Each structure stands twice: as C-alpha cells, then as structure tokens.
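One structure is given here, and the rest of the page talks about it.
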Amino acid sequence: MKKKLQVTSAAVLASMLLLSACTSSPGTSSNDSASKSGAVKLSFWTFNELHQKFFESMAESWNKAHPEQKIQLEATTFPYDDNHNKLLVALQSGTGAPDMADIEISKIGNFLKGDVQLADLNDIVEPEKANLVMSRLDNYAKDGKYYGIDYHVGAQVIYYNKEILDKAGVDADTIKTWDDYEKAGKQVLEKTGKPMTTLETTDQWSYWPLVVQHGSDFLDKSGNVKLNDQANNEVLSYMQKLVKEKVAVVAPGGFHHAEEYYGFMNKGGAASVWMPMWYMGRFTDYMPDLKGKIIIKPMPVFKQGEMRSSGMGGTGTVITKQSKNQDVAKKFLSYAKLSKEGNIQIWSQLGFDPIRSDVWNDPALKADNKFTAYFGKNLWDVLISVKSEIAPTNIKEKTPAVSDYLKTKAIFQALNDLKDPKQVLDDAVKNIK
C-alpha cells in the first residue's frame, strides 16, 4: 500500500534492509514460486499468531477443495512494529516483500501514500459487495481501489459484569445514555466499592469509539486533523469526569491488553469495559474466572439518535505487487476472508464478527463454541440489533500520526495527569504533522 513512503530516518531504513536480508527465507517472494509437489508457494507476514493459525487452517481447507491448484503457505508472525516496518522497507526498496501481509488499521495510512505498492483487490471485492459491510473495506481503499480485506466488523459493545451489577442493584438494560451510565457507576461504587469501568491511557479504544458515536472522528473526510472539535472535547472531558468521580479508573498497565489488566479484571476489578466484539477472545483466553458473569450490550449514547456502536480496529490482509502469484493469492484471500465459508471460520476460530452480514443469521454462528459457552448463546442478537448503527471511521494518511500521538501523549495527559482536555487536544492538533 505504498511505495514511496517515508521511513523516519536513513538509519532505520538501513537497519531494516539488513533485517530483511537476514530474515528473507520465511516470507519473501522468490523465483522458486512452486514447490516440488507442484503446489504454489505463498508467503504471508502477520503480527498476530492467531491470524497465522487461521490462514494455515484455511490453506489446508483450500487444498482439500482445490486439489488441482494446491498452495504451500509459508506464514511468519513478527512483533507488531517489526511486521509493519519490515514490510514498509521491503515495498520501498522493491525487494523482499511477501506475497501477502497483514496491516493493522492504525498503520494503513503509511502504505497508501504515493505510488501504492499493493495489488488492488477490486476484482475479488466487487462481486461480493452486496454481502459485505463495505465500511470495513473502505478503510483500506484509495481512489476507488480496495487494497486490504479486514477480518471483522469490529462492532463496539460494552461488557458488563452482571455479578457486580446485581450486587449494586443495577439493571444493564436500563442504561441507555452516558448520563445513565455515570449514574449507575456511582451506584456501583457506593454499593460495592468497585469502579464502573477502566479507561486506557496508552491506547485509543476507550476514546475513539465514543468520539465516532458522537458524530465526529479524529480526521475529517479530507484527512485533516479535527481532534479539538466540540465532540472530541466533550468525550475526553466526560472520560476525565468519570476518573475524577472514581466511577472509572485508569486501566492497570495503561491499556486493555496488559497482563496487569487481565489479572485485575479476572478478579472482578471493575463492573464493565467497552471494547469491540473482537475483544471476546481476550476474555475467554485471559480472564477465565469471569465465564458466565459477562453480558454484552449495545453502547450507551450521549444523545438520542446517535448510533449505538462503531466499527473499531481492524487488520487488512493485502497482496503485494512483488508477488509473482497474485492471481492465486487473490483466489486464496477471497476464499479465506470473503467467502461465506471463510467468514463462518473467522467466527468459529477467532471469535470475530465477520464482514459478511449474510452469515450473521447462519445457524453455524449459533453452534456451541468457547464463546457461546463463556458469554451465552445470544451473542448475535446484540450484533443484529445494532447492525444499522455501526458508525464508520475516517482512515486517512494521517491516521498513524494521530494514533501515535494519542497513545503516547494526549490520552495519558488528560486521564492520568488530569490536564485540561481542551488544551490537550489543542496541543495535539498543533503537534501532529
């Protein structure tokens, strides 16, 4: 998604080229694109081991369904930054890129600058448009061309610990607005001594969804930074108010993927947390003691008429122009992430809300698995109830810069240091280039 993109310095470029040379075997495209067995070799880079396992399982499924065109998938999981930096350098230098790769939504802007070095995927997307939540593909598009296929819708929801709410005498279904939520939080704190929620200071998943629901975003449609508009300020001020009232506490470890946080919540540390549906897997894998206690509900709103969810996060799987097997890679990517069968597997294996809305009512999504065992069998009732209320995000070239600034400075200043939210956001707009 970008050829002539900028890396921070010549030194980083040189070091990453050296890394690329030293680690070329597991993922780089090569002239030897077919194995001795006749299978087409496809290399795949990701930053998430679960994504690697998913694609490996889909490669096995593909080979059973397509014995005449088997593939040999060579998948590699790198640390998050290494995955994106290594891929960026490989595309800039014109050598060493894999056939396929995952690019996280906060980084995609770096890959859509200048001469995009990713294959456009319109030929596999266009035939399926009627079945897809297209806002999830728009995040990876430029000038009418689609460059990445997401794993999920990322519908924003709120997870309540019903055991704690019951002790406080709070019914989650009565919480419709953020004023209701604050009031319920004060009751929970008074009756149980526990905070209503936790807020991230080193990530964006507490802040961003509320901004988008409230009718704004970090960037406008033209890609200009609008962090200091009224909606952004109202949301950050509201979150700071919850902290000051002790209705909310800063997430242990700073974000909702920290080991300290998992331990805190697993012991019933807070009565709720708002995160996308893809966070279900974090509960099942890292907070086992909450099994049977967590219920999922639509998000509260600031005022009537606002959407009760938003599409948060995402990872687009791309095909690089360096791939010598783009046609086969496209067919396989379509099979894995655009087909009905693939989307059912995305739910079954990963617990993600699939981008094909026509599978949301499929009986396969009602089948028992670790997610229904943990949260109950009405998971899809929540998603279906808000399917027309999932507010989209504006993903542009400046998204990486905005994301980095929020994670490293702005949110921490507002929620941990309790600095004036308006000043924090004004400073952010001045400093983000």
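The values are calculated or read from the model by the stated rules, or taken from the named source; none is laboratory data. Keep in mind that what you see is a predicted model, and the values were worked out from it rather than measured. All Cβ positions, glycine included, derive from the backbone under ideal geometry; neighbour counts span all protein chains shown. Heavy atoms of the whole protein, side chains included, go into the accessibility calculation; ligands, DNA and RNA do not. Shrake-Rupley method; radii C 1.70, N 1.55, O 1.52, S 1.80 Å.
Rolling a 1.4 Å probe over the protein chains gives Met265 an accessible area of about 10 Å². For Asp362, what is the net charge nearby, where nearby means another residue's Cβ is under 11 Å from its Cβ and Lys, Arg count +1, Asp, Glu -1? Computed value for this residue: +1. Comparing Gln156, Trp62, Ala90 along the charge dipole axis of the chain, the residue lying farthest to the positive side is Ala90, per the Cβ-charge model. Does the stretch 75-205 come out rounded, prolate or oblate, given a ≥ b ≥ c as the square roots of the eigenvalues of its C-alpha gyration tensor, rounded meaning a/c under 1.5 and, failing that, prolate meaning a/b above b/c? Note, shape of the stretch 75-205 comes out prolate. The largest accessible area among Val89, Val243 belongs to the first residue in Val243, Val89, and the rest follow in falling order (1.4 Å probe, all chains). Cross-link pairs exceeding 25 Å in C-alpha to C-alpha distance, out of Lys293/Lys377; Lys129/Lys396; Lys246/Lys377; Lys183/Lys398; Lys246/Lys398; Lys183/Lys407, comprise Lys246/Lys377; Lys183/Lys398; Lys246/Lys398; Lys183/Lys407.
Rounded to the nearest 20, the Cβ-based charge dipole of the chain about its Cα centre (Lys and Arg +1, Asp and Glu -1) stands at 200 debye. Name the shape class, rounded, prolate or oblate, that the alpha-carbon gyration tensor gives for the stretch 275-433, where a ≥ b ≥ c are the square roots of its eigenvalues, rounded holds for a/c under 1.5, and otherwise prolate holds if a/b is larger than b/c and oblate otherwise. Judged from the Cα gyration tensor, the stretch 275-433 comes out oblate (a/c at least 1.5, b/c at or above a/b). When Lys321, Lys297 are compared by accessible surface with a 1.4 Å probe, the order from highest to lowest is Lys321, Lys297. Under the convention that each Lys and Arg Cβ holds +1 and each Asp and Glu Cβ holds -1, the size of the dipole of the stretch 362-433 around its Cα centre is about 160 debye. Against the main long axis of the alpha-carbon atoms of the chain, helix 326-337 sits at an angle near 30°.
Less than 13 Å Cβ to Cβ from Lys419, Lys/Arg counted +1 and Asp/Glu -1: what total charge do the surrounding residues give? Taking every other residue near Lys419 into account, the sum is -1. The 3J(HN,Hα) values that the Karplus relation (6.51, -1.76, 1.60; θ = phi - 60°) gives for the stretch 418-431 are, in residue order, 6, 6, 4, x, 4, 5, 4, 6, 4, 5, 4, 4, 5, 9 Hz. Gly and Pro appear as x.
Give the carbon-plus-sulfur fraction of the accessible surface of the chain in %, rounded to a whole number; probe 1.4 Å, heavy atoms of protein chains only. In the chain, the share of accessible area belonging to carbon and sulfur is 48 percent. Based on DSSP H runs of at least 4 residues, each adding -39500 (n - 2.57), what is the mean residue ellipticity at 222 nm of the chain after dividing by all its residues, to the nearest 500 deg cm²/dmol? So the calculated ellipticity at 222 nm is -11000 deg cm²/dmol.
Each residue of the chain gets 137 Å³ once the volume of the Cα convex hull is shared out per residue. Lys and Arg at +1, Asp and Glu at -1: add these up for the other residues within a Cβ distance under 13 Å of Asn122 and post the number. Neighbour charge sum, excluding Asn122 itself: -2. Beta bridges from DSSP with both residues in the chain: antiparallel share about 60 percent, rounded to the nearest 5. For the residues His66, His152, a 1.4 Å probe over the protein chains yields an accessible-area ranking, largest first, of His66, His152.
May I ask which residue of Gln326, His257, Pro288 lies farthest towards the positive end of the charge dipole of the stretch 253-330, with charges of +1 (Lys, Arg) and -1 (Asp, Glu) on Cβ and the Cα centre as origin? The residue sitting most towards the positive pole is Gln326. For the stretch 47-52, 3J(HN,Hα) computed residue by residue from phi via the Karplus equation (6.51, -1.76, 1.60; θ = phi - 60°) reads 10, 10, 4, 5, 5, 4 Hz, glycine and proline entered as x. Take the alpha carbon gyration tensor of the stretch 37-76, find the square roots of its eigenvalues, order them as a ≥ b ≥ c, and report rounded if a/c is under 1.5; if not, report prolate when a/b exceeds b/c, else oblate. Oblate, because a/c is 1.5 or more while a/b does not exceed b/c.
Rolling a 1.4 Å probe across the protein heavy atoms gives the chain an accessible surface of 40 Å² per residue.
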